[in-house]
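Trainee: First the structure, which I've put down as structure tokens, then a few questions once you've had a look.
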Amino acid sequence: MNLPFEPQRQTQDYQASDAAHHIHAFVDQKALNAEGPRVMVRGEGLYLWDSEGKRYLDGMSGLWCTQLGYGRKDLTAAAAAQMDQLAYYNMFFHTTHPAVIELSELLFSLLPGHYSHVIYTNSGSEANEVLIRTVRRYWQVLGKPEKKIMIGRWNGYHGSTLAASALGGMKFMHEMGGLIPDVAHIDEPYWYAQGGDLTPAEFGRRCALQLEEKILELGAQNVAGFIAEPFQGAGGMIFPPESYWPEIQRICRQYDVLLCADEVIGGFGRTGEWFAHQYFGFEPDTLSIAKGLTSGYLPMGGLVLSKRMAEALVERGGVFAHGLTYSGHPVAAAVALANLKALRDEGIVRQVKDDTGPYLHKLLHEVFGNHPLIGEIQGTGLLAALQFVEDKGTRKRFANENDLAWQCRTFGFEEGVIIRSTLGRMIMAPALVASRVELDELVDKTRIAVDRTARIAGKL
Ligand code: PXG
């Protein structure tokens with residue numbers, strides 16, 4: 001075994017202790033305990049090593065978050081220096097600190113000019129919790145307290161806390177205590193699965209018009225905001241048809257409903273633009289951010305507000321009774337600052353847009369364009385989804401597509417690449433620092449995993 005580190009304990013020892021104490025995310029814990037989780041012990045660049053010394057190319061940036069990859073010494077140094085200087089102070093009691101001030105300066109230099117303020121949180125879920133209260137407070141300040149209802153989308157994902165999961169449209173989460181009042185949902189713009197005989201453009205408009213119908217059904221005077229991911233992430237890396245966002249924006253403006261973009265996955269360069277709404281060409285009122293803000297090195301999120309909203313809240317709102325102990329945490333802020341500087345100064349976002357993004361998509365189209373198992377390739381920048389299909393002519397999907405995709409993911413692990421499965425889609429979102437050579441390896445190993453899956457599905 002050729003390990004770049006000293007293994008400290010046996011894998012089984014780690015697993016037994018983990019099983020004794022730990023409840024994992026979105027899993028049958030009993031089944032996982034029987035199987036034993038993989039123990040990740042080291043990361044460097046795009047690569048991870050487990051406790052058995054096996055190396056993986058991480059095609060998912062952790063959970064869509066390690067924009068700079070693993071092991072960046074500049075981020076470690078920023079954290080250490082800030083810990084030495086001021087490890088903690090808060091933003092209650094009329095105080096602030098340089099790290100959060102400098103982070104905000106840099107953040108707003110990267111954002112379009114019509115945003116001016118941010119409320120920091122520790123995660124994406126919290127950003128969306130804060131969103132609900134902030135949006136409702138905004139309408140109260142404007143003298144419209146009855147504007148309270150938030151509209152989200154089925155199969156959208158906005159986090160796992162109570163209100164964030166209610167905004168999202170994962171029904172199996174709602175069934176586990178995830179609903180709150182004054183939330184409604186419309187369909188997702190997933191043309192490949194739900195578009196029927198409509199063209200993508202027709203389907204995109206149809207899905208957007210559902211928002212208008214829902215607003216009219218609920219009464220525009222009662223609707224506070226519409227929340228959506230610019231492209232769906234956890235729901236399967238689904239890109240809406242081009243007709244979708246312009247129509248959604250028109251409807252939100254017409255009915256005075258705030259347009260709230262959840263940029264937790266799309267933000268910080270993933271699409272080759274700094275923010276995904278810029279790629280799709282619309283102008284939200286709020287942005288929920290997290291993940292790539294710190295490259296995942298420390299937990300941090302936030303809710304970005306337009307000047308119009310911030311002006312109402314700051315100039316006319318008085319006290320906003322909201323605050324978190326760790327909002328704008330100095331160490332997280334210092335790491336976020338170093339992370340955003342690196343993304344900007346090393347030209348990484350531009351590289352994704354001009355070089356590595358187009359390279360990845362060209363490669364994917366060469367390798368999977370005529371693959372018998374793949375019906376659609378979506379994405380842009382360092383973001384891609386491969387749609388499994390049983391019959392390309394009719395877009396008929398496999399009845400067991402979820403199992404097939406999970407199997408493909410497992411084959412990927414065996415081949416030394418981490419890709420994500422959701423329903424019948426395989427997702428890639430590697431670190432934004434990925435080189436062409438690493439992208440070659442990502443696509444090559446993914447092809448082996450997809451071919452092995454195609455054999456099981458009787459397609460090869
Ligand atoms: N909004 C979006 C769009 C997200 O993708 C959250 C909010 C919540 O963020 P926190 O930091 O509270 O987790 C997310 C999180 C997956 C996966 O498997 C995706 C997320 C989290 C876990 C798994 O695709 N996204």
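The values are calculated or read from the model by the stated rules, or taken from the named source; none is laboratory data. Keep in mind that what you see is a predicted model, and the values were worked out from it rather than measured. Virtual Cβ from ideal backbone geometry, glycine too; neighbours counted across all protein chains shown. The protein model used for the area step is the full one, side chains on, heavy atoms only, and it has no ligands, DNA or RNA in it. Shrake-Rupley method; radii C 1.70, N 1.55, O 1.52, S 1.80 Å.
Trainee: Run through the DSSP bridge list for the chain and note the antiparallel percent, rounded to the nearest 5. List each step's numbers first, then the result.
Mentor: Values: 32 of 48 bridges.
Bridges in the chain are about 65 percent antiparallel.
Trainee: Would you compute, from DSSP H runs of 4+ residues alone, the mean residue ellipticity of the chain at 222 nm, taking -39500 (n - 2.57) per run and dividing by the full residue count, rounded to the nearest 500?
Mentor: -12500 deg cm²/dmol
Trainee: Answer rounded, prolate or oblate for segment 16-93, using the Cα gyration tensor with square roots of eigenvalues a ≥ b ≥ c: rounded when a/c is under 1.5, else prolate when a/b is larger than b/c, else oblate. Provide the component values of the computation, followed by the final result.
Mentor: On the way: a/c = 2.41, a/b = 1.47, b/c = 1.64.
Oblate.
Trainee: Rounded to the nearest 0.05, what FRET efficiency do Ala201 and Lys144 give with R0 = 41 Å and r taken as the Cβ-Cβ distance? Could you check?
Mentor: Taking R0 as 41 Å, the efficiency between Ala201 and Lys144 is 0.75.
Trainee: If a/c stays under 1.5 just call it rounded; otherwise compare a/b with b/c (prolate if a/b is bigger, oblate if not). Do that for the chain, with a ≥ b ≥ c from the square roots of the Cα gyration tensor eigenvalues.
Mentor: Oblate shape, in that a/c is at least 1.5 and b/c is the bigger or equal ratio.
Trainee: So for Leu32, Leu258, Leu216, what's the accessible-area order with a 1.4 Å probe, most first?
Mentor: Correct descending sequence by accessible area is Leu216, Leu32, Leu258.
Trainee: With +1 on the Cβ of every Lys and Arg and -1 on the Cβ of every Asp and Glu, and nothing else charged, how large is the dipole of the chain about its Cα centre, in debye rounded to the nearest 20?
Mentor: 320
Trainee: Along the Cα-to-C-beta direction of Tyr255, a point sits 7 Å from the Cα; which residues of segment 159-187 have their amide N less than 16 Å from that point?
Mentor: 182-187
Trainee: Starting from the residue with the highest accessible area, list Arg205, Arg137, Arg316 in decreasing order, probe 1.4 Å. Don't jump to the answer; show the numbers that get you there.
Mentor: On the way: Arg205 110, Arg137 60, Arg316 145 Å².
From most exposed to least exposed: Arg316, Arg205, Arg137.
Trainee: Moving on to the next point. Past 25 Å, Cα to Cα: identify those pairs from Lys73/Lys341; Lys341/Lys362; Lys54/Lys459, in the order given.
Mentor: Lys341/Lys362; Lys54/Lys459
Trainee: Give me the aspartates and glutamates in straight-line cross-link reach of Lys214: C-alpha distance below 17 Å, same-chain residues under 8 apart excluded.
Mentor: Filter leaves Glu146, Asp182, Asp187, Glu188, Glu247, Asp256.
Trainee: Round to the nearest 10 and report in Å² the accessible area of Leu259, as given by a 1.4 Å probe over the protein chains' heavy atoms.
Mentor: Its heavy atoms expose roughly 0 Å² to the probe.
Trainee: Rounded if a/c is under 1.5, else prolate if a/b beats b/c, else oblate: with a ≥ b ≥ c from the C-alpha gyration tensor eigenvalues square-rooted, which is segment 117-160? Intermediate values should be presented prior to the final figure.
Mentor: Values: a/c = 3.45, a/b = 1.34, b/c = 2.57.
Oblate, since a/c reaches 1.5 and b/c is not below a/b.
Trainee: Sort out for me the Cα centre separation of segment 410-460 from segment 164-195, rounded to whole Å.
Mentor: 28
Trainee: Among His322, Gly266, Ala78, which residue has its Cα furthest toward the positive end of the charge dipole of segment 74-345, with +1 on Lys/Arg Cβ and -1 on Asp/Glu Cβ?
Mentor: The one lying farthest along the dipole's positive direction is His322.
Trainee: Rank Glu441, Glu315 by accessible area, highest first, at a 1.4 Å probe radius? Don't jump to the answer; show the numbers that get you there.
Mentor: Numbers: Glu441 40, Glu315 130 Å².
Correct descending sequence by accessible area is Glu315, Glu441.
Trainee: Please report the accessible area of Lys445 (heavy atoms, 1.4 Å probe, ligands and nucleic acids excluded) in Å², nearest 10.
Mentor: Surface accessible to solvent at Lys445 totals approximately 50 Å².
Trainee: Zone of Asn90 (label point 7 Å along Cα→Cβ, backbone N under 16 Å): which residues in segment 114-138?
Mentor: Label zone hits: 120-122.
Trainee: When the accessible area of segment 74-345 is split by element with a 1.4 Å probe, what percent falls to carbon and sulfur? All intermediate terms of the calculation are to be shown ahead of the outcome.
Mentor: Working: 5830 of 10550 Å².
Answer for segment 74-345: carbon and sulfur cover 55 percent of the accessible area.
Trainee: Viscosity 0.692 mPa s, temperature 37 °C: give me the Stokes-Einstein translational D for segment 116-262 in µm²/s, with Rh taken as the Kirkwood radius over C-alpha pairs.
Mentor: Numbers: Rh = 15.5 Å.
Rounded, D is 212 µm²/s.
Trainee: What whole-number value in Å² describes the accessible area per residue of the chain for a 1.4 Å probe?
Mentor: Dividing the accessible area of the chain by its residue count gives 43 Å².
Trainee: I need the Kirkwood Rh of segment 74-345: take the reciprocal of the average 1/r across all distinct C-alpha pairs and report it in angstrom. Each step should come with its number before you reach the end.
Mentor: Working: mean 1/r = 0.0526 Å⁻¹.
Computed over segment 74-345, the radius equals 19.0 Å.
Trainee: If exposed chymotrypsin sites (Phe, Trp or Tyr not before Pro) are those in a DSSP loop with at most 10 other Cβ within 10 Å, what is the longest stretch of the chain that has none?
Mentor: It works out to 94-460.
Trainee: So how far apart, in nm, are the two label points at Arg308 and Ile456 if each is 7 Å from Cα heading toward Cβ?
Mentor: Inter-label distance under the simple model: 4.9 nm.
Trainee: With every protein chain in place, what's the accessible area of Asp74 (1.4 Å probe, Å², nearest 10)?
Mentor: Its heavy atoms expose roughly 60 Å² to the probe.
Trainee: Still on this structure: Can you list the residues of segment 92-124 with backbone N under 20 Å from a point 7 Å past the Cα of Leu63, pointing along Cα to Cβ?
Mentor: Under 20 Å, as judged by backbone N against the label point of Leu63, lie 120-124 of segment 92-124.
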